[in-house]
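Have a look at the structure below, then the notes.
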Amino acid sequence: MATRFVAIAAVMAAAIFGVASAATYNVGEPGGSWNLQTNYTNWAASKRFHPGDQIVFKYSPQAHDVVEVSKADYDACSNARPINTHTSGNDAIALTSAGTRYFICGFPDHCAGGMKLQVDVVPSATSLAPAGAPGANAPASPSTPGSAATKATATGFALAGVLIAAGLMA
Ligand SMILES: *[C@@H]1O[C@H](CO)[C@@H](O)[C@H](O)[C@H]1NC(C)=O
Ligand SMILES: [Cu+2]
């Protein structure tokens, strides 16, 4: 009985707080990868990155690498002061917290050729402005129909319903 209550409470909490599942984004996909052809400004603009998500750079290590740099070095296309360097060709990078991350290719002229990616990691829907706060009534961004949080909430309530029904039948 107590176990069932805890399970239901956990699901309800997940629904209320909008715990969304973490997403994995393969950089440049679909249609591209980590190469000299993909437009990463356009690619990133179609995504919303949240803490807990990860991005994966896939490429030939003979042709490219991934260097995480500061904004200044990103703007200057300099890999002289790397924060992190990845060279496996299949590099998963965890976006652990909100903030902006900057990645470039360290091969000569590749960054200038377009291999630079800025990733804006924004807080999950849990930290929406409270009701009454400035901006709380702003219309939802048109680029996020059916947000992950909305889906998580719907999933949470559906699961809670199943659990409650199971409890009634037990
Ligand atoms: C990416 O595409 C946008 C819009 O189509 C364009 O303004 C921008 O210059 C492109 N970036 C690169 C690096 O080609
Ligand atoms: Cu490169």
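Bear in mind these aren't lab numbers, they're just calculated from the coordinates by the rules spelled out. Predicted model, so just to flag it, every value in this text is computed and none were measured. Methodologically, a virtual Cβ is constructed for each residue, glycine included, from the backbone with ideal geometry; neighbour enumeration extends over all protein chains shown.
Okay, here's what the table says:
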| quantity | calculated |
| --- | --- |
| Net charge contributed by nearby residues that have their C-beta within less than 9 Å of residue 102 (K/R +1, D/E -1) | 0 |
| Order of 77, 105 under a 10 Å beta carbon neighbour criterion, fewest first | 77, 105 |
| Overall form of the stretch 46-121 per C-alpha gyration tensor (a/c, 1.5; a/b vs b/c) | oblate |
| Local electrostatic count, residue 71, Cβ distance below 13 Å [Lys/Arg +1, Asp/Glu -1] | -1 |
| Nonlocal amide H pairs with residue 29, under 5 Å, H built at 1.01 Å | none |
| Net charge of Cβ neighbours under 12 Å - reference residue 85; Lys, Arg +1; Asp, Glu -1 | -2 |
| Which of 95, 117, 36 has the fewest Cβ neighbours within 10 Å, and the rest in rising order | 36, 95, 117 |
